[in-house]
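As structure tokens, the structure follows; a few thoughts come after it.
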Amino acid sequence: MRYAMIGAGAMGYRYGVLLQELAGVPVDYIDTWQPNIDAVRQQGGVYVSRDHADRHLVPINMYTPEEYEGNPDVWMVFMKQMQLETMLQRCAHLFKDHQVVFSAMNGWGHFEKINQYFPENRIYGGTALVATVLNGPGDVDFMGKAGAGTMEMCAMNEEITAVEEALAADFQTAGFNPTITQNFHGTCLAKIIFNAVANTICTMYQIRMGQFISFPGALSMAEQLINEAYDACERAGYQMTRSRQEELKAIEISSRVTNPLHYPSMYQDLTAGRPTEVDYINGYIAHLGRQHDYICRTHEFLVQGVHLAELAFRIHTQEAQMR
């Protein structure tokens with residue numbers, strides 16, 4: 001199958017490059033961030049490192065939505081939630097009836113937007129427990145050993161098809177270790193809850209995942225957030241794909257073993273002066289709870305805490321520039 005990546009950021013590069021290099025499938029990249037486009041074209045590709053080492057150039061094809069004339073079988077969508085609607089509008093003329101779309105973006109909100117262009121039977125969602133850092137335009141760093149991390153994927157209509165199995169086969173060859181499920185909400189919510197702990201706390205306190213988990217109270221904090229989130233999801237009628245204890249263990253292993261040196265993507269946005277996706281992560285959980293007469297007090301507090309951290313970072317940056 002031929003792939004086209006909508007969004008050439010950290011995760012877009014990781015999925016695209018590994019599909020291209022290890023699975024041997026053609027991948028095109030569509031982006032609108034001009035410095036990124038310019039860097040790729042000037043360099044002849046994207047510079048890829050793993051754990052800050054072995055930096056090398058990988059040739060790729062980069063286009064804007066208006067320039068692209070390809071006809072992929074699979075659209076891969078990795079955007080920030082706040083940017084997705086505009087990007088889909090710019091790509092709408094490229095979408096065809098035979099195509100499917102896969103997305104493993106952080107947070108919740110993207111599937112409703114994608115569903116405006118693709119029916120449920122051609123939408124596949126997923127989770128990706130891999131860490132990646134975009135060092136700058138045309139420069140990405142894959143964190144963790146090759147083959148580290150896992151992912152789950154599920155059709156929006158929860159029916160397994162030959163297309164989904166072909167997708168999973170390519171993901172397996174590319175080293176993402178996929179598992180197909182038949183529980184769309186439960187699959188996607190597991191990653192949202194994971195991010196609602198690790199991403200949010202590491203961002204508020206500007207620490208790495210390993211530094212968070214080394215704090216004696218880390219697991220207690222994680223458990224409180226997990227319990228609130230699961231209570232909200234259960235009241236909404238969603239069946240989770242793993243238990244509360246399994247979710248806690250996943251956070252601990254990722255923080256302590258798999259990605260201890262990683263600054264989560266929300267932190268990367270904060271320190272780059274970009275808006276974070278906390279409203280689509282902890283904010284989504286809090287909203288889901290209130291929809292079903294349950295108040296997720298800790299998640300609501302953390303939403304405000306991250307927004308305060310955004311303000312504090314801007315203030316400290318301005319003060320440092322004035323010295």
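Where a number appears in this text, it was derived from the coordinates with a stated rule and is not lab data. Since the model is a prediction, treat every value here as computed from it, not as a measurement. All Cβ positions, even for glycine, are placed from backbone atoms using ideal geometry, and neighbour counts span all protein chains on display.
Looking at the range 221-285 from every direction and averaging, what is the projected area of its Cα convex hull in nm²?
5.1
Taking a point 7 Å out from the Cα of Gln116 in the direction of its Cβ, the residues of the range 56-94 whose backbone N falls within less than 12 Å of it are 83-92. Size of the range 181-323 from its Cα atoms: along the principal axes, largest to smallest, the extents are 54, 34, 27 Å. Annotation: for a label point projected 7 angstrom from Cα along Cα→Cβ of Ala166, residues of the range 98-124 with backbone N closer than 20 Å are 98-104, 118-124. Protection proxy ranking for 311-320, 218-227, using the average of other Cβ atoms within 10 Å per residue and placing the highest first: 218-227, 311-320. Residues with beta-carbon under 14 Å from that of Arg90, excluding Arg90: net charge, scoring Lys, Arg +1 and Asp, Glu -1? Combined, the nearby Lys, Arg, Asp and Glu give -3. Were the residues from Arg235 through Thr150 laid out at 0.36 nm apart, the gain over their Cα-Cα distance would be 27.8 nm.
Full extension of the chain between Glu223 and Asn135 yields a length gain of 28.5 nm, computed as 0.36 nm times the residue separation minus the alpha carbon distance.
Both radii come from the Cα set of the chain: Rg as radius of gyration, Rh as Kirkwood radius; their ratio Rg/Rh reads 0.95.
So, counting K/R as plus one and D/E as minus one, what does the shell of residues with Cβ under 14 Å around Phe142 add up to? Within the 14 Å Cβ shell, the charges total -1. Between Ser214 and Glu159, the modelled label-to-label distance comes to 5.2 nm, taking each label 7 Å out from Cα in the direction of the beta carbon. Shown in residue order for the range 121-136 are the 3J(HN,Hα) couplings computed by the Karplus curve 6.51 cos²θ - 1.76 cosθ + 1.60 at θ = phi - 60°: 6, 10, 10, 10, x, x, 10, 9, 8, 9, 10, 9, 10, 8, 5, x Hz (x for Gly and Pro).
Taking amide H as placed 1.01 Å from N in the peptide plane, the amide H of Thr32 sits under 5 Å from that of Ala8, each at least 5 places away or on another chain. Suppose the chain between Gln43 and Thr86 were pulled fully straight at 0.36 nm per residue; how much longer would it get relative to their current alpha carbon spacing? Result: 12.7 nm gained on full extension.
Label-to-label distance for Arg55 and Ala320 is 2.0 nm, based on points extended 7 Å past Cα in the beta-carbon direction. Placing R0 at 45 angstrom, the Cβ-Cβ distance between Thr179 and Phe95 gives a FRET efficiency of 0.95 after rounding to 0.05. Taken over the range 135-229, the alpha-carbon convex hull comes to 141 cubic angstrom per residue. Selection among Pro119, Val27, Gln43 by position relative to the dipole of the chain gives Gln43 as farthest towards the positive end (Cβ unit charges, Cα centre).
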